[in-house]
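The structure appears right after this line, and notes come after that.
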Amino acid sequence: MAKAAIMGYGTVGSGVYDILKMNAKKIEAAAGEQIELKYILDIREFDDHPEKHLFTKDVNDIINDTEVSVVAEVMGGLHPAYEFTKELLSAGKSVVTSNKELVATYGSELLKIAEENNVNYMFEASVGGGIPIIRPLNRCLAANNIVRIAGILNGTTNYILYQMITNDKSFDEALKDAQANGYAERNPAADIEGHDACRKIAILSSLAWGKEVDYTNIGTEGIVNITLEDVRYAAAAGAVIKLIGYAEQLEDGRVYAHVAPMLIKNDCLLSDIDDVYNGIMVTGDMVGDVMFYGAGAGKLPTASAVTADMIDSVIHSERRSLISWEKTDENVSAGPDDKKFRYFMRTTDTAENVSKVFGDFEQIKSLVEGETAFVTGELTASEAEKKASELSETITSIRIFK
Ligand code: HSE
């Protein structure tokens, strides 16, 4: 029998508890032995909990208990999750997590500590909630050179955009709904400003190309400036606006990545990822496009991925499961001007001036009196910004996905 602990009894932690109880038989069959929960770490009181004897406020109870072999870290945030994880791995326990902030920031170091101690550090739930993506990217697509990853990686922002598109809801109303449903981060700025998606695309990029892609090098824009007019323009053009985590390996080996709202044509599979769902399109040089789709946030979907990692850790307790990347001094990240996109723009300036500034451009039917809407040719981020600044006023500038 394997003994386990959960650190953090919030949305995901209580979901892991529920799954361990509800699916105990299935989990035992998959792991090859029973997984018994011995501790739940949380600083709050849970006096009404049916198993209140499991709760502890002292992480040392878990660290010093030689019976515990696997710990689910679902507390979120960097500290003290980082310190606790280091100590647990060093004490010879496998740690599984949904904590994308921790994996993106300290993943290289924690993976190394896990390797040195012959235990596992697993993070399937850190990207895409319940969607299997880490293991498929690492194992099932291992025969491919990964060309590109483009994903809707944040459920909260997708939910907000979807509510704006389909129900004409205001941004604030939709955000409140997402928070009430337990999708949003404690600080919703992490969702709506794109930081959550940034951590996730950094993790996928590091895994896909084997070297740590530092998330601080990824240009990140959120959806805070997207308006109902933008959404309506997109609809008129047969497209939708989605917050996309984008990463591509350039010919010189460096990784170009960004998080930004992008215009997605309706014939692209990513345009159909609605509501709180996530969708990740991975392009391999042999397999072509592969799409991963499912619940990207929420209690049980995320907990299902955490629990699967607990099972995998038990299965691989003798032999480590090799999901890793290396941290190098090389310049892994390309800059924002290393990749060109076409842009959808709106301006209060005239079509004549747009033509003077942009030369080649495609005008589209204006939906708001007094403005010109158009699509540019291929531009770097700096070129787009510079040209936009030469117009009297640019209301919107959104990259187009192809
Ligand atoms: N706040 C995150 C989201 C939770 O909305 O996607 C899952 O990582």
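Points to keep in mind about this one:
- Among (1) open to solvent by less than 40 Å² (accessible area, probe 1.4 Å); (2) in contact with a strand residue (DSSP E or B) (Cβ under 7 Å, 6 or more places away or on another chain); (3) more than 25 Å from Leu102 (Cα to Cα) - the single one Gly245 does not satisfy: (3)
- Elements of type helices (runs of 4 or more DSSP H) in segment 163-229, at least 2 residues being under 18 Å from Asp274 (Cβ atoms) and either open to solvent by 60 Å² or more (accessible area, probe 1.4 Å) or modelled with pLDDT under 95 (or both): 171-180
- Single condition Asn23 does not satisfy, out of (1) closer than 30 Å to Ala104 by Cα; (2) at pLDDT 95 or above; (3) touching a Ser or Thr at 6+ places or on another chain (Cβ under 9 Å): (1)
- Scan segment 275-285 for residues that are modelled with pLDDT of 95 or more, within 14 Å of the ligand (Cβ to nearest atom) and closer than 17 Å to Ile241 by Cβ and the total you get is 3.
- Restricting Asp172, Asp177 to those that are out of contact with any Lys or Arg (no Cβ under 7 Å at 6 or more places or on another chain) and either within 19 Å of Gly298 (Cα to Cα) or in contact (Cβ under 8 Å) with a residue 60 or more places away in the chain (or both) reduces the list to Asp177.
Okay, residues lined up against (1) open to solvent by 50 Å² or more (accessible area, probe 1.4 Å); (2) within 16 Å of the ligand (Cβ to nearest atom); (3) more than 23 Å from Lys26 (Cα to Cα):
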site	(1), (2), (3)
Val290	no, no, yes
Lys299	yes, yes, no
Ser304	yes, yes, no
Leu322	yes, no, yes
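- Identity of the residue in segment 324-336, open to solvent by 40 Å² or more (accessible area, probe 1.4 Å) and either assigned to a helix (DSSP H, G or I) or under 30 Å from Tyr183 (Cβ atoms) (or both), that ends up nearest to the ligand (Cβ to nearest atom): Ser324
- Of all residues in segment 89-112 being among the hydrophobic types (A, V, I, L, M, F, W, C) and in contact with an Asp or Glu (Cβ under 8 Å, 6 or more places away or on another chain), the one that is surrounded by the fewest Cβ atoms within 10 Å (Cβ to Cβ): Leu102
- Within segment 233-267, the only residue that satisfies the criterion of being closer than 22 Å to Thr156 by Cβ and among the charged types (D, E, K, R) is Lys242.
- Residues located in segment 142-190, provided they are near the ligand (Cβ under 10 Å from one of its atoms) and among the basic types (Lys, Arg): Arg186
- Being at positive phi and either touching a residue at least 12 places away in the same chain (Cβ under 8 Å) or open to solvent by 20 Å² or more (accessible area, probe 1.4 Å) (or both) holds for only one residue in Gly284, Gly294, and it is Gly294.
- Residue under evaluation Leu270, criteria (1) of a type outside the set (D, E, K, R); (2) part of a helix (DSSP H, G or I); (3) away from the ligand (no atom under 16 Å from the Cβ), criterion not met: (3)
- For segment 381-394, the count of residues that are part of a strand (DSSP E or B) and either closer than 30 Å to Ile218 by Cα or among the polar types (S, T, N, Q) (or both) is at least one.
- Taken over segment 46-103, the residue count meeting the criterion of being in a loop (DSSP other than H, G, I, E, B) and either on the phi > 0 side of the Ramachandran plot or of a type in the set (Ser, Thr, Tyr) (or both) is 5.
The values are calculated or read from the model by the stated rules, or taken from the named source; none is laboratory data. These numbers were taken from a predicted model, which means no experiment stands behind them. Reconstructed Cβ throughout: ideal geometry from the backbone, glycine too, with neighbour counts over all protein chains shown. What goes into the accessible areas is simple: the full protein's heavy atoms, side chains included, and nothing from ligands, DNA or RNA. Shrake-Rupley method; radii C 1.70, N 1.55, O 1.52, S 1.80 Å.
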